[in-house]
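Participant: To start, I am sharing the structure in question, which I have written as structure tokens.
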Amino acid sequence: MNSSIEKGERGERAFANLCNKWKCEYLHIRQDKDGLSSEMFLNYEKRPDFFVNIPDIAPIFVEVKVKPIGRKKESGPLSKEPAFGEEHAPFLRTKNFQSKVGIATWYAFIENTGKGLDETIAYLSPVSRLEKQIHPNRLGDFKGWPIIWTPRKCMNRCADHLDLSNLCIKCIDRICESPDI
């Protein structure tokens, strides 16, 4: 796989295939520049990749990311915690979009293993759960907190079925409450 654009497109196809497997209707939102309103640009919003109808619940927006697995921290107690990273600036644009439209927005991480993509699993997390990984005084501090690392265990593992349960309710680790997140 050569470029990040090709990886992203392949990740989006993988997510669409998973939606079909989960029997969820979806709209794939193309990312061409002509489809972005000037208001979205002025309000620093990022358009997500999918609009997914969750049967008998509600629709959600989904931002698909293809990322290698990393670590929550370089050193210390969370250094062994497998995590996916998202750049702070695009995250804030996605969060702004969710705030404006009032519909839940989730991230779907497709793992880039280095040998290719694992197209059988998507790790999902709502915007609010990713935001918990930022120190409250650092939201919007792109230089001081350039990457938001979210532990994989804080994400819903979706392979055979779509799981949108609130993992925070039963969480005993409380990584997001750590003083040095």
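Participant: Provide the per-residue ³J(HN,Hα) series for region 108-115, in order, calculated from phi with Karplus coefficients 6.51, -1.76, 1.60 and θ = phi - 60°, each as a whole number of Hz, with x at glycine and proline positions.
Facilitator: Per-residue couplings from phi come out as 10, 9, 9, 6, 8, 7, x, 9 Hz.
Participant: Per residue of region 53-60, in order, report the coupling 6.51 cos²θ - 1.76 cosθ + 1.60 (Karplus, θ = phi - 60°) as ³J(HN,Hα) in whole Hz, putting x for Gly and Pro.
Facilitator: 8, 8, x, 6, 10, 5, x, 9
Participant: Using amide H atoms built 1.01 Å from N in the peptide plane, name the residues 5+ places from Lys72, or on other chains, whose amide H lies under 5 Å from its own.
Facilitator: For Lys72, the qualifying residues are Glu81, Ala83.
Participant: I need the GluC sites (Glu not before Pro) found in region 51-146, filtered to DSSP loop residues with at most 12 other beta carbons within 10 Å of theirs.
Facilitator: Glu74
Participant: Still on this model: Using 7 Å Cα-to-Cβ label points, what is the Ser128/Ser4 separation (nm, one decimal)?
Facilitator: Distance between label points: 3.0 nm.
Participant: Sticking with this structure for a sec: Residue farthest toward the positive end of the dipole of the chain, with Cβ of Lys/Arg at +1 and Asp/Glu at -1: which of Phe142, Phe41, Gly8?
Facilitator: In the chain, that residue is Phe142.
Participant: Whole-Hz ³J(HN,Hα) for each residue in region 146-155, computed from phi via Karplus 6.51 cos²θ - 1.76 cosθ + 1.60 with θ = phi - 60°, x for glycine and proline: what do you get?
Facilitator: For region 146-155, the Karplus-derived couplings read x, 10, 9, 9, 10, x, 4, 6, 8, 10 Hz, x marking Gly and Pro.
Just so you know, all these numbers are worked out from the coordinates, no wet-lab data involved. All values derive from a computational prediction rather than experimental measurement. All Cβ positions, glycine included, derive from the backbone under ideal geometry; neighbour counts span all protein chains shown.
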